[in-house]
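Right, one structure below, let's go through it.
The values are calculated or read from the model by the stated rules, or taken from the named source; none is laboratory data. The model shown is predicted, which means the values in this text are computed figures rather than measured ones. So basically every Cβ, Gly included, is an ideal-geometry build from the backbone, and we count neighbours across all protein chains shown. Heads up: the accessible areas ignore ligands, DNA and RNA and are worked out on the full protein's heavy atoms, side chains in. Shrake-Rupley method; radii C 1.70, N 1.55, O 1.52, S 1.80 Å.
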Amino acid sequence: MIRPRLALSLLLSTMLVGPLHADDPPGTVTIASITDRIEVDGALNEPIWQTISPITGFRQVEPESGAPAGLATEVRLAHDDRFLYVGAIMHDTTGADGVRVPDLRRDFSWGANDLFGIVLDSFGDARTAVSFQVTPEGTLRDLQVANGDEINIEWNAVWTARTRVTDAGWTAELAIPWATLRYPDREAPTWRVNFVRRVRRTNEIHSWQPYPRALTPYYTEYAGTLDGLRPPPPSRNVLAQPYLTVQRDQVGGEEEITPDIGGELKWAITPSTVLDLTVNTDFAQADADRQVIDLSRFSVFFPERRAFFLENAELFDMGTTFVMLPFFSRRIGLSGGQPIPIDGGARFVSRTATRSAGGLAMRQQRQGPSPAAWFGVGRYVQNVGSRGRLGGLVTLRQNEALSDQEAVTNATFTVDGYVRPTDSFETTWFVSRSETSGAPGNGWSGYAWLRNNADWGYLGHVQGLITDGYRADVGFVSRPDLIVTSPAVSLDLRPDWLPSAVRSWRPGFTAFLFHEYSTRRFQEGSVSIRPLWLELNSGAEVSPFVRVAWQRLTEAEAQGFRPLGLEIAPGDYTFTQAGFYLATDQSRKYAATFEGRAGPYFDGSLATFQATTQVAPSPRVALRVDYTFNQIRSVGPDEAGATSHLLGPELRLALNPRVQASAFYQYKTFAEQGAWNVRFAWEFSPLSFVYLVFNDRRFYVDDLERRDDPFRFQDEQQVIFKVSYLRQL
């Protein structure tokens, strides 16, 4: 095991290593400045397109890195004083029968769709990027990226794309407003650019400027450069998005109808500095959380899904794992997954080629046992060299006093860093201190992730610690008083003797070891060994695996650990389980994934599996069913057992990418709870919506005493009508 002090020493030593850069000089493309109007309809039939020289010469990233692309792609670029235009022709002889688009959801899956995308580094610093991607059906995917792999896929920007599928392939036109892009306020910036295409039928990835297949296309040091680009000078750029809602709530037997108004204002003070204001913030349209059945001793981590907190989220993210996060936006306006009204707030973000800074301030109302609270977050990042950064983060939460509770103020102070001394080796680290007044909560946490990600595979090590007193009221701590050690290896082997249907053999292992920080006592650990993980050329994957686990439960820990409500006796346990993972080609009309394992579990046995089935006869009709099964037998002093089921069917219907409806149901036998989330969305103009949302949560509890519990077993129904309109002032 690598101790925290040693891990930090290794990390600091890497900062002395000089950077290595890609050997091949980047390509250059000249962008045309135009005055003629381009109608974004996917046809590329305006005469101006024919006068622009196409960008060609794409090469493979997968399966044969650097080889010429099997299908030709042509890209043309133009700009005027309002938009950056992209016109692309994806040649293919199979026509509509050859393209793969399982459904029309925005922010579609990278691995399951045909797509074309542009990657832009508007600061030219090879650190931050945005990407705009589109499928042959016109579905949009946009992302913000830091350091090539810190990806914020939930970011939604204002832009337009239209596509057409023909017998000769498919075409796409993109119009990206300058107001959507952020760039330095200086003359003739040197932008980096790359283009990527995925041909899902053959599971190939093509790129204009090649990059290592172990990396993402968002590592813009491998991108080319844009010549002739003259973005417009800074001007007033204010976007307002007011909303109106009418909400009907029924809790128990009580009904309430509430109209409400609010909204957000975005002011781009300069192209690189943005102020966001929000009043009476509403998240009625946010996706419902996917429930899980937790058999571990850790708090469950649910990702952020609310749009206001997702923009520029990568600035506040430190690249950490599920174990600890000094800042986690779900601590604002949510408690136990249930929404708490937010009065309003502000976010400020400024980026240049050398530094980034940001701040967030919000206030949430009192609701039930949750007091009213103020939140503050400050972030500063200074770029160091060509591939490093140092940063600081401060978080503050002040809970106002209640009649039976004193006011409590919690603050964390974090220093973090990132360095990439070679093309494949990266390190991320932070050290954080918490201070709390009015309650216990003074302590430290730290984290270091060292990783080498190359074409031959991945080699990494995570080391983290959380002292018993560390408290992050605007963050996430999975378990206090903890040391986590996690090495992992995953090879990517492609010998000639593999069967023709197999693209890659990826043997490897992932280990987790957990110790109590205060005593250094071992608590638990596991290692998953995957000797025969195979990736097929179709994208299907198959992997038998073995999981070995060690558990050491004290009496106090056993009292707080109740998997499926069952008692586990204190003691030391070692058990080995056999498992299997299978994923079919996810781009086909019928697809499935399965992961299961079975074997001893503490002093009893466990059988668990998760299965997902997708049926998409057309991109406009898609049905997905998730199912999780757990069965524990003969554990604890009473040799007790329990079985749980979690069922989650989801139906999506789409008239086109801008008019969609979805219905999602979850039934969890262990909680005796079923929940519906039904949503209709019409995007009548970019990021302007009409929503109709129906939520229903019911408990199926036979015990009348438990049924009358007002805090746990009240049925709830909710109908929400919402209109939001985005307008540039």
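Starting from one equal scatterer on each C-alpha and no solvent at all, send me the Debye-based log10 I(q)/I(0) for region 289-379 at q = 0.14, 0.23 Å⁻¹, two decimals. Values, matching the q order: -0.60, -1.32. Just so you know, the Cα atoms of region 554-618 work out to an Rg and Dmax of 17.7, 55 Å. Please state the shape class of region 173-259: rounded when a/c is under 1.5, otherwise prolate if a/b exceeds b/c and oblate if not, all from the C-alpha gyration tensor. In terms of gyration-tensor shape, oblate. Here the contact order of the chain, divided by its residue count and restricted to Cα pairs under 8 Å and six or more residues apart, works out to 10 percent. Of the GluC sites (Glu not before Pro) in region 623-684, the ones in a loop by DSSP (not H, G, I, E or B) with at most 12 other beta carbons within 10 Å are 639.
I'd like the FRET efficiency for residue 255 and residue 287, computed as 1/(1 + (r/R0)^6) with the beta carbon distance as r and R0 of 30 Å, rounded to 0.05.
On the way: r = 26 Å, r/R0 = 0.86.
Between residue 255 and residue 287 the formula returns 0.70.
Which of rounded, prolate, oblate describes region 177-336, given a ≥ b ≥ c as roots of the alpha-carbon gyration tensor eigenvalues and a/c under 1.5 marking rounded, otherwise prolate only if a/b is larger than b/c?
Numbers: a/c = 2.29, a/b = 1.37, b/c = 1.66.
Here region 177-336 falls in the oblate category.
Annotation note: trypsin sites (Lys or Arg not before Pro) in region 466-532 located in DSSP loop regions with a Cβ neighbour count of at most 13 within 10 Å are 520, 521. The packing ranking, built from the mean of other Cβ atoms within 10 Å per residue, places the peptides 115-126, 619-630, 564-575 in the order 115-126, 619-630, 564-575, highest first. Between the alpha-carbon centres of region 332-401 and region 465-494 there is a gap of 22 Å.
Looking at region 136-249, send over the antiparallel percent of its DSSP beta bridges, to the nearest 5. Don't skip to the answer; put the middle values down first.
Numbers: 16 of 16 bridges.
Taking every DSSP beta bridge with both residues in region 136-249, the antiparallel ones total about 100 percent.
For residue 589, the aspartates and glutamates whose Cα falls under 16 Å of its own Cα, not counting residues fewer than eight places away in the same chain, are 97, 103, 114, 137, 650. Derived scalar couplings between HN and Hα for region 553-569 equal 9, 7, 4, 5, 5, 5, 5, x, 10, 9, x, 6, x, 9, 7, 10, 6 Hz in order, rounded to whole Hz, by the Karplus curve 6.51 cos²θ - 1.76 cosθ + 1.60 (θ = phi - 60°), x for Gly and Pro. Shape class for region 588-656: prolate, because the ratio a/c of the largest to smallest gyration tensor axis (alpha-carbon atoms, square roots of eigenvalues) is 1.5 or more and a/b beats b/c.
Fully extended, how many nm does the chain gain between residue 716 and residue 698 (0.36 nm per residue separation, minus their Cα-Cα distance)? Please report the intermediate quantities before stating the final value.
Details: separation 18, 0.36 × 18 = 6.48 nm, distance 0.66 nm.
Roughly 5.8 nm would be gained on extension.
Volume per residue of the convex hull around the Cα atoms, evaluated for region 263-338, comes out as 116 Å³. Computed from backbone phi, the HN-Hα couplings of region 485-491 come to 10, 9, x, 8, 9, 9, 8 Hz, rounded to whole numbers (Karplus: 6.51 cos²θ - 1.76 cosθ + 1.60, θ = phi - 60°; Gly and Pro given as x).
Other residues lying with their Cβ under 12 Å from the Cβ of residue 262 contribute a combined charge of -3, Lys and Arg counting +1, Asp and Glu -1. Karplus-based coupling profile of region 119-131, in residue order and whole Hz: 10, 10, 10, 6, 9, x, 9, 6, 10, 10, 8, 10, 9, with θ = phi - 60° in 6.51 cos²θ - 1.76 cosθ + 1.60 and x standing for Gly or Pro.
Solvent-accessible area of region 95-181 (1.4 angstrom probe, protein heavy atoms only): carbon and sulfur portion equals 46 percent. Helix 4-14 and the longest principal axis of the Cα set of the chain meet at an angle near 10°. With the simple model of a label 7 Å out from the Cα in the direction of the Cβ, residue 723 to residue 230 spans 4.2 nm. A crude spin-label estimate for the pair residue 592 and residue 640, with each label 7 Å from Cα along the Cβ direction, gives 3.4 nm.
Run the numbers on region 421-487 and let me know its relative contact order in percent, using alpha-carbon pairs under 8 Å that are six or more apart. Kindly include the intermediate steps, with their values, before the conclusion.
Values: 131 pairs, mean separation 18.9, N = 67.
Value for region 421-487: 28 percent.
For the chain, the equivalent ellipsoid derived from the alpha-carbon gyration tensor has semi-axes of 40, 32, 29 Å in decreasing order. Applying 1/(1 + (r/R0)^6) with r as the Cβ-Cβ distance of residue 682 and residue 633 and R0 = 45 angstrom yields a FRET efficiency of 0.35.
In the chain, the calculated helix contribution to ellipticity at 222 nm averages -1000 deg cm²/dmol per residue, counting -39,500 (n - 2.57) for every DSSP H run with n ≥ 4. Around the amide H of residue 55, modelled in the peptide plane, lie the amide H atoms of 75, 76, all under 5 Å away and 5 or more residues distant in sequence or on another chain.
Loop-resident GluC sites (Glu not before Pro) (DSSP state other than H, G, I, E or B) in region 160-254 with no more than 16 further Cβ atoms inside 10 Å of their Cβ: 187. Computed over protein heavy atoms with a 1.4 Å probe, the accessible surface of region 345-397 works out to 38 Å² per residue.
For residue 149 and residue 355, a Förster radius of 30 Å and the Cβ-Cβ distance give a FRET efficiency of 0.90, rounded to the nearest 0.05.
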